[in-house]
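Notes follow the structure.
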Amino acid sequence: MRLPFSRRCRVMWGAATLVALAGCATPPPAAPPLEHIAPPAWIAPLPHAGSAVALADWWRAAGDATLTELIDAALQDNPSLIAAEARVAQARAQVGSQRAGLLPQVGAAASASRGNAGGVGSTPPGVDPPVATTLQAGVQASWEIDLFGRQRALVNAASARAEGAQALAHLARVALVGDVASTYHGLRLCQALLDTARQDVASRFETARLALISRDAGFTAPATAALADASAADGRARTTQQQAACDVQRKALVALTGLPEPDIEQKMAVAQVQQAPAALFSIASLPADTLRQRPDVWAAEREVLAARAEIVSADAARWPGLSLGGNIGVLQLRAGGATRDFSTWQFGPLQLSLPIFDGGRIAAGQAAARARYDEAVANYQGRVRQAVQEVETALTQGAAARAREADARAAVGGYRQQFAATEALYRQGMANLPQLEEARRTLLVSEITLAQLLNDQQAAGVALYRAAGGGWQAPAGGAAP
């Protein structure tokens, strides 16, 4: 017995519902919130003198116009930033592509032909067959109805990845600013060491000159004069090596900013403004609040959301699919002065597909989606841990550098007095050259240590800027996984 059409539809719909209920799978739980992953408080001391300077533009408040000019130049038409924005555009285009799957697909085609309309035996012998013109046009439409949200889940996944790409674009900006600042401070350190080396080599050559005069007068042994010459040569070699290191640093700054090297050299010739050792910005006292400003943590959260949505899409592949089609065709045949119209239209079919046996393809897709979700959650947790480590490391290094500065300055002052006293005794003949050179080396090491310590303070500030997210703010309304 054949059931009526309406009864058959109800039967098919009931079967689809049963299959859907049987194949329905609960998506995995969301990833744990930041408060459950991050520590309750920072272990390293926070910058006690940090001000409320906007972290995104912290370098503008640093009082160093050269650094500001270099960073502004680097942020213009930088290849890494352009590539990051291109990735954002790709992610947004993917969202549009997935949304197109929710809408009907309509296509059109048209054709025209002219030829012999007759066939063998269709016309009397000796009579030419008529020439016919055929004009044909048609519109076809299809729509896969998203009954169980498979396509909507793919749209959600693409949207989450687009948000993550936007956050990573800001991360590229933070990385570029940090690289420029680190290279700039490194070049300033190199210049300071080069100035120290030049002053040291000038002192060595003066000592060598006096030793040569004393040797010629018979007051100094030739070996002592040779030692003075060797010390001067060693100082000159160190100066040459330091100059080469500064040239390399300057070329790295050229690559980051895109400015010509003579412009960089001119800007770096300006004396650096001495900055206070305290931090120029403060960070949130709670680790979770700080980590929410990390674009890479946000992007990892978006990837968890995307993977979770893909699980929903993979599960929906087990459920029935409903599609609807239709077409309109226009066909005209002109032959022998007559025109005939063969236009047609069709609505349907309304097709219901039920996956019964696919060799395990759908199950494998579900397993792969859940594995990607587990990977995304693990990456998210690992990213949070790495972020905590980076902030703690930057805080520790900054606190240690600030705590050592007073002792380092005191050491330089003491060793400078010792060298001056030893040099005076040497010129009076009351100290020998090895004693003078020992005092010189000790002073040189202490001056290099102080210069590196001041650079460590700057490097810790840049590292904290990176670790705190560079002033990025999560978009309003973004849900955490």
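The values are calculated or read from the model by the stated rules, or taken from the named source; none is laboratory data. What you see is a predicted model; the values in this text were computed from it and never measured. Neighbour counts run over all protein chains shown; Cβ positions are idealised from the backbone, glycine included.
Tell me the residue from Gly118, Gly107 that is surrounded by 14 or more Cβ atoms within 10 Å (Cβ to Cβ), under 29 Å from Ala137 (Cα atoms) and at pLDDT below 90, please.
Gly118
In segment 356-382, which residues are of a type in the set (Lys, Arg) and either over 19 Å from Ala309 (Cα atoms) or out of contact with any helix residue (DSSP H, G or I) (no Cβ under 9 Å at 6 or more places or on another chain) (or both)?
Arg361
Is it the case that segment 260-272 has a residue that's in contact (Cβ under 8 Å) with a residue 12 or more places away in the chain and surrounded by fewer than 12 Cβ atoms within 10 Å (Cβ to Cβ)?
So far as segment 260-272 goes, yes, one or more of its residues are in contact (Cβ under 8 Å) with a residue 12 or more places away in the chain and surrounded by fewer than 12 Cβ atoms within 10 Å (Cβ to Cβ).
In segment 174-219, what count of residues is obtained for those that are among the aromatic types (Phe, Trp, Tyr) and in a helix (DSSP H, G or I)?
Going through segment 174-219 one residue at a time, the tally reaches 2.
When the residues of segment 334-382 are filtered to those that are touching an Asp or Glu at 6+ places or on another chain (Cβ under 8 Å) and of a type outside the set (Phe, Trp, Tyr), which remaining residue is farthest from Glu35 (Cα to Cα)?
Looking at the filtered set, the residue picked out is Gln366.
When residues of segment 169-208 are filtered for being free of Cβ contacts under 8 Å to residues at least 24 places away in the same chain and either touching a helix residue (DSSP H, G or I) at 6+ places or on another chain (Cβ under 7 Å) or more than 22 Å from Met430 (Cβ to Cβ) (or both), how many remain?
Of the residues in segment 169-208, 3 are free of Cβ contacts under 8 Å to residues at least 24 places away in the same chain and either touching a helix residue (DSSP H, G or I) at 6+ places or on another chain (Cβ under 7 Å) or more than 22 Å from Met430 (Cβ to Cβ) (or both).
Residues of segment 427-444 being touching a residue at least 24 places away in the same chain (Cβ under 8 Å) and part of a helix (DSSP H, G or I), which ones? Break it down stepwise before answering.
Keep residues of segment 427-444 that are touching a residue at least 24 places away in the same chain (Cβ under 8 Å), which gives 427, 429, 432-434, 436-437, 439-440, 442-444.
Arg427, Leu433, Pro434, Leu436, Glu437, Ala439, Arg440, Thr442, Leu443, Leu444, listed by residue number.
Are any of the residues in segment 282-303 under 30 Å from Val174 (Cβ atoms), among the charged types (D, E, K, R) and without any contact (Cβ under 8 Å) to a residue 24 or more places away in the chain?
Yes, some residue in segment 282-303 is under 30 Å from Val174 (Cβ atoms), among the charged types (D, E, K, R) and without any contact (Cβ under 8 Å) to a residue 24 or more places away in the chain.
Condition check ((1) among the acidic types (Asp, Glu); (2) closer than 21 Å to Gln457 by Cα; (3) at pLDDT 90 or above) across all residues:
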{"site": "Thr239", "(1), (2), (3)": "no, no, yes"}
{"site": "Gln243", "(1), (2), (3)": "no, no, yes"}
{"site": "Gln249", "(1), (2), (3)": "no, yes, yes"}
{"site": "Ala255", "(1), (2), (3)": "no, no, yes"}
{"site": "Gln266", "(1), (2), (3)": "no, no, yes"}
{"site": "Ala269", "(1), (2), (3)": "no, no, no"}
{"site": "Pro277", "(1), (2), (3)": "no, yes, no"}
{"site": "Phe281", "(1), (2), (3)": "no, yes, no"}
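Step by step: first the residues of segment 338-353, then only those that are surrounded by 12 or more Cβ atoms within 10 Å (Cβ to Cβ) and not polar (S, T, N, Q), then the one that is nearest to Trp319 (Cα to Cα). Which residue is that?
Taking the candidates together, the pick is Leu352.
Considering only residues of segment 206-223 that are exposed (fewer than 13 other Cβ atoms within 10 Å of the Cβ) and not charged (D, E, K, R), which is nearest to Gly235 (Cα to Cα)?
By that ranking, first place goes to Ala223.
Taking segment 68-108 only, how many residues are among the hydroxyl-bearing types (Ser, Thr, Tyr) and either in a strand (DSSP E or B) or farther than 18 Å from Pro260 by Cα (or both)?
2
Could you figure out which of (1) of a type outside the set (Gly, Ala, Ser); (2) out of contact with any helix residue (DSSP H, G or I) (no Cβ under 9 Å at 6 or more places or on another chain); (3) touching a residue at least 40 places away in the same chain (Cβ under 8 Å) isn't true of Asp407?
(3)
Specify which of the listed residues (Ala406, Ala460) is small (Gly, Ala, Ser), within 44 Å of the chain's Cα centre (by Cα), part of a helix (DSSP H, G or I) and surrounded by fewer than 16 Cβ atoms within 10 Å (Cβ to Cβ).
Matching residue, one of Ala406, Ala460: Ala406.
Note down all Cβ pairs under 9 Å where the first residue falls in segment 209-222 and is in contact (Cβ under 8 Å) with a residue 40 or more places away in the chain, the second is outside any helix (DSSP H, G or I) and not hydroxyl-bearing (Ser, Thr, Tyr), and they're at least six residues apart or on different chains.
Cβ pairs passing all conditions: Phe219/Gly429.
Could you list all residues from segment 332-348 that are in a loop (DSSP other than H, G, I, E, B) and out of contact with any Leu (no Cβ under 7 Å at 6 or more places or on another chain)?
Gly336, Gly337
Within segment 42-67, take every residue that is buried (at least 16 other Cβ atoms within 10 Å of the Cβ) and assigned to a helix (DSSP H, G or I) and give me the one that is modelled with the lowest pLDDT.
Ala56
I'd like to know if segment 148-155 contains one or more residues that are farther than 28 Å from Leu453 by Cα, touching a Phe, Trp or Tyr at 6+ places or on another chain (Cβ under 6 Å) and modelled with pLDDT under 90.
Yes, segment 148-155 has at least one match.
Which of the following residues is closer than 30 Å to Gln452 by Cβ and in contact with a Ser or Thr (Cβ under 8 Å, 6 or more places away or on another chain): Ala408, Ala421, Ala369, Ala401?
None of the others qualify; the one that does is Ala408.
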